[in-house]
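The values are calculated or read from the model by the stated rules, or taken from the named source; none is laboratory data. Given the structure is predicted, the values throughout are model-derived calculations rather than measurements. Here the Cβ positions follow ideal geometry from the backbone for every residue, glycine too, while neighbour counts run over all protein chains shown.
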Amino acid sequence: MNTKTLAFPAFSTRHLHVWRRNSLVWRKLAVPSMLGNLADPLIYMLGLGYGLGAMLSDVGGMSYIAFLATGIVCSSTMMSASFEVMYSGFSRMHVQKTWDAIMNAPVTLDDVVLGEVVWAASKSFLSGMAVLLVAWVLGLVHSPAALWVIPVVFLTGLTFASLGLVMTALSPSYDFFMYYFTLVITPMMLVSGVFFPVSQLPAPLQVVTAFLPLTHAVELARPLMSGAVPSGIALHVCVLAAYAVAGFYLALVLTRRRLLK
Amino acid sequence: MTRADPFGMNSDNASCLRASGLRKSYSGQEVVAGIDLELRPGECFGLLGPNGAGKTTTLRLCLGLIDPDGGRIEVLGLPVPERAREARRRVGVVPQADNLDPDFTVEENLLVYGRYFGLAAAEVRSRIPALLEFAGLGPRADSRIQTLSGGMKRRLTLARALINDPDLIFLDEPTTGLDPQARHLIWERLRRLLAQGKTIFLTTHFMDEAERLAHRLAILDRGRIIAQGAPRELIARHIEPQVVEVYGDGAGRWAREFGRARSVRCEQAGETVFCYARDAGPLVQNLDQQDALRYLHRQANLEDVFLKLTGRELRD
């Protein structure tokens, strides 16, 4: 691997051309895409929230459905960002060769990768916001502090877009992404406090969850949505940002190695 | 023009592309092994070579998409890869495999591609009707890419490469996989571009394409340029002017007993014998009396040069 592969990313506003290209495609299918993105989290939230919630008095000081809603805002953002960079990103990078076409124009790979990550974060942001909106309509959120969830969701989207793109850069085919979902994303969703408090887990596992990015997203979003100030804001933001930056750099190095040879 | 400078290389700095001592290896194997190239403004330059000769790698090096292991490249006066991105603002590219955007219509493909060059939407829109006309896709502006034929896709890719009104156009095997009608249409369009003063850098393994379009060409084999010059010049320099192709079961025996002695060179490929001669008269006279053999008498062409220089064995 040479120094150019490992070089510091060189960004420009040209990444917005890539963002704009993806948003134009999305706009053609915006309604079905949004409904599809919303159906899954809503089924979890309403099904588990009302069904399971009816058997529980309160969880973490709030109704179970309110508890669950705050977790699902984060997990649906994670899912949406991961799907976008992996399945759609892989199509554009490998199958349709859209990235190659863009790189024949005066746009560099660094900007293509940045555009993809910011785009996936933007799209997942809409998914997170849609869940937040539903929670608000259902009366599960009443504090204006919940508006602070908006930047948290965008940061969460950036983090998981960057991490997912590492998989995209390594992937030989679409099948590869199943490993990431079944071995990383799904277990993370189960142990990061989305469905039940992390304190329910055995102590050694709690140590592991403390290193997972989704845990930190939930730790920020949950208090904010119930009108409280999260504790350890700086730590949570730093962990999410660190995953985003490290994931992005790794994804960039791997895509440079894959495409610029 | 002096002898030391046969192509006028140093007489002006207006060359569109200049590469010297270009090298690139992959896992120890040298794919580009010291190439020197020079493209003059307004010419069509053909890079000819069998599969795997290093044509596409050379093109990617010139576009600054990969870094050479050695050598220097200058495109439109800018050093590559250092300032490749800026150079690509004035370059158009038709890649080997179609990578049109399947999520967009014909017109949207042009519009979105123009944005990658930082062109204003209004400017791109004003160029689109002429480009669609050029590509013969005027009535298909709103068609989806999947509904286009192979020839239409190629023409749209060519139109897309012109969205920034480039000075230099790279075409990587532009007519591979097209039917004869579609190929002739592409050639006609490329001639129009040359008439407008564009410079074209073409890679191909079709001899007729190179012979028709290229003012000058270089034959690339195993990463090296083994011959360079105008098509007619290469034929005159490397090959005898007349060729007689002989077909049939007895062709080999006829060559041994008669043909070989009356030709400068004789080659056999399968059932066919190729006799190269300065005067094919005696060969043809004799063949007219051989009922069992069929033959074709023709002028030597670029394919004969190519096969002589790169050999007849398969490359894949």
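General remarks:
- Selection status of B:I128, under 23 Å from A:V18 (Cβ atoms), surrounded by fewer than 23 Cβ atoms within 10 Å (Cβ to Cβ) and either more than 14 Å from chain A (Cβ to nearest Cβ) or not polar (S, T, N, Q) (or both): yes
- Condition check for A:S127: surrounded by fewer than 19 Cβ atoms within 10 Å (Cβ to Cβ) and in a helix (DSSP H, G or I): no
- Region B:240-263, residues that are aliphatic (A, V, I, L, M) and surrounded by fewer than 14 Cβ atoms within 10 Å (Cβ to Cβ): B:A261
- Residue check for A:A145: in contact (Cβ under 8 Å) with a residue 40 or more places away in the chain and closer than 30 Å to A:T98 by Cα: no
- Test: residue in region B:75-89 that is under 30 Å from A:R27 (Cβ atoms) and buried (at least 20 other Cβ atoms within 10 Å of the Cβ): yes
- Boolean, B:L65 is within 10 Å of another protein chain (Cβ to nearest Cβ), among the aliphatic types (A, V, I, L, M), without any contact (Cβ under 8 Å) to a residue 40 or more places away in the chain and touching a helix residue (DSSP H, G or I) at 6+ places or on another chain (Cβ under 9 Å): yes
- Qualifying position, being under 20 Å from A:S192 (Cα atoms) and more than 14 Å from chain B (Cβ to nearest Cβ), among A:L140, A:L132, A:L147: A:L132
- Considering region B:184-204, the residues that are within 10 Å of B:L48 (Cα to Cα) and touching a Ser or Thr at 6+ places or on another chain (Cβ under 8 Å) include one that is surrounded by the fewest Cβ atoms within 10 Å (Cβ to Cβ), namely B:T204.
- Any chance B:E133 is within 14 Å of chain A (Cβ to nearest Cβ) and in a helix (DSSP H, G or I): no
- All conditions but one from (1) of a type outside the set (K, R); (2) under 17 Å from A:L214 (Cα atoms); (3) within 14 Å of chain B (Cβ to nearest Cβ) apply to A:L109; the one that does not is (2).
- The set of residues in region B:92-118 being under 22 Å from the mean Cα position of the chain (by Cα), more than 8 Å from chain A (Cβ to nearest Cβ) and at pLDDT 95 or above consists of B:G92, B:V94.
- Number of positions in region B:48-58 that are closer than 14 Å to B:T310 by Cα and crowded, with 23+ Cβ neighbours inside 10 Å: 4
- Scan of region A:216-261 for residues that are surrounded by fewer than 17 Cβ atoms within 10 Å (Cβ to Cβ), modelled with pLDDT under 95 and closer than 30 Å to B:K24 by Cβ, ordered by number: A:K261
- Unique residue being of a type in the set (A, V, I, L, M), within 14 Å of chain A (Cβ to nearest Cβ) and not in a loop (DSSP other than H, G, I, E, B) when the list is B:L220, B:L202, B:L156: B:L156
- The single condition from (1) under 27 Å from B:C16 (Cβ atoms); (2) in a loop (DSSP other than H, G, I, E, B); (3) more than 14 Å from every other protein chain (Cβ to nearest Cβ) that B:G177 fails is (1).
- Candidates A:W99, A:W119 - the one that is modelled with pLDDT of 95 or more, in a helix (DSSP H, G or I), surrounded by 23 or more Cβ atoms within 10 Å (Cβ to Cβ) and of a type in the set (F, W, Y): A:W119
- Residue identified as away from every other protein chain (no Cβ under 11 Å) and among the polar types (S, T, N, Q) among A:N37, A:N22, A:N2: A:N37
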